[in-house]
Amino acid sequence: MMRSLDGSLRRLRTDWIDVYFNHAVNDPHRMYNPEWREFTLRATEAGKIRWRGMSGHGGRLVECLDYALDNDLVDVILVGFNFGQDPAFYQRYTRGMDLVAIQQDLPRVLRKARKQDVGIVAMKTLRGAKLNDMRPFETGGVGFAEAAFRWVFSTGLVDSLIVTMNKRKQVDEYLAASGWTASRAADIPLLLAYEERHGATQCRYGCNACTDTCSAAVPIAEVLRARMYAEDYGDAALGRETYAALAQPAAACAECPAPTCACPFGLPVASLTRRAHGLLGRNS
């Protein structure tokens, strides 16, 4: 690990890295590994890294975060978090909608991080990023993106967020939410409209309630993440790369005669995984 870090420092032409992340953690054993503690301790003492970090938004995110926080393994966390993660959003605003709300654990573990003075950076804040679908509903100069960002900041659970910006107009649009600590009245109707249209296709990061419902052991959440990259983000290459890396893709879903998979939020898992395989499988 230290050789790899030294190589990175040389290529970056710097003496230290502010935050060194253990990226895409979805297995607690990645954090159980004593080499992580030893490496980060030595690298910190040597002044090569300033803070230790962990990122993730997979199905076992909460379990990984709990272990990392309970064992003082991180100073910063980067997590998938959006208005679709918090049960309070459903309980307060969606009572009249045909949605299933279950108590999610992510807000709890973020509050734990807060108490331990661990920095929190949010990603996946646009809940699938189907921005163009929302243009007809944006009025009064309020865009869906800034409404979603303001909601994240209004929770008081994050310090900052990261988001892809590859167009100048996105920079102008997204920065409109910078510095806000509360939502505006016009934000909530936009978030509700988005949820009504896309809530039935989007996984809740860190949920993983579907894990044991597939008789073929298909990693449903990971399959749907690959589909999201390809269809929602418009990044087919990333979707195929993510899907190809899965140990058990969704080929079994295409031939499953009696699906047992289930989602407590009511997502049509079988049809979504079949669509993902058709879109991202080797023969697609």
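The values are calculated or read from the model by the stated rules, or taken from the named source; none is laboratory data. These numbers come from a predicted model, not from an experiment. Every residue, glycine as well, gets a Cβ built from its backbone with ideal geometry; the counts of neighbours run over all protein chains shown.
Regarding the range 83-90, can at least one residue be identified that is modelled with pLDDT of 95 or more, in the same structural domain as Gln170 (by TED's automatic domain parsing) and in a loop (DSSP other than H, G, I, E, B)? There is no residue in the range 83-90 that is modelled with pLDDT of 95 or more, in the same structural domain as Gln170 (by TED's automatic domain parsing) and in a loop (DSSP other than H, G, I, E, B).
Residues in the range 251-284 that are among the aliphatic types (A, V, I, L, M) and under 14 Å from Cys203 (Cβ atoms) were compared, and the one that is surrounded by the most Cβ atoms within 10 Å (Cβ to Cβ) is Ala276. Among the residues of the range 236-253, write down those that are closer than 17 Å to Ser215 by Cα and outside any loop (DSSP other than H, G, I, E, B). Within the range 236-253, Ala251, Ala252, Cys253 meet the criteria.
The criterion of being crowded, with 20+ Cβ neighbours inside 10 Å, hydrophobic (A, V, I, L, M, F, W, C) and modelled with pLDDT under 80 holds for Cys210.
Show the residue pairs that are 6+ apart or on different chains and have beta-carbon atoms under 7 Å apart, the first residue being within the range 226-243 and touching a residue at least 12 places away in the same chain (Cβ under 8 Å), the second being polar (S, T, N, Q) and crowded, with 19+ Cβ neighbours inside 10 Å. Partner pairs satisfying both residue conditions: Ala226/Thr242; Tyr229/Thr242.
Would you confirm whether or not the range 152-166 contains a residue that is in contact (Cβ under 8 Å) with a residue 24 or more places away in the chain, surrounded by fewer than 21 Cβ atoms within 10 Å (Cβ to Cβ) and over 26 Å from Ile77 (Cβ atoms)? No.
Taken over the range 13-30, the criterion of being surrounded by fewer than 16 Cβ atoms within 10 Å (Cβ to Cβ) and of a type outside the set (Ser, Thr, Tyr) is satisfied by Arg13, Asp15, Trp16, Asp18, His23, Ala24, Asp27, Pro28, His29. Within the range 240-284, being at pLDDT 80 or above and among the basic types (Lys, Arg) holds for Arg240, Arg274, Arg275. Within the option set Asp98, Asp72, being at pLDDT 80 or above and surrounded by fewer than 16 Cβ atoms within 10 Å (Cβ to Cβ) holds for one residue only, Asp72. If only residues of the range 31-58 that are farther than 27 Å from Tyr205 by Cβ, in contact with a strand residue (DSSP E or B) (Cβ under 8 Å, 6 or more places away or on another chain) and of a type outside the set (Lys, Arg) are counted, the one that is surrounded by the fewest Cβ atoms within 10 Å (Cβ to Cβ) is Thr44. Tyr32 falls short of the stated requirement of being closer than 23 Å to Ala122 by Cβ and hydroxyl-bearing (Ser, Thr, Tyr).
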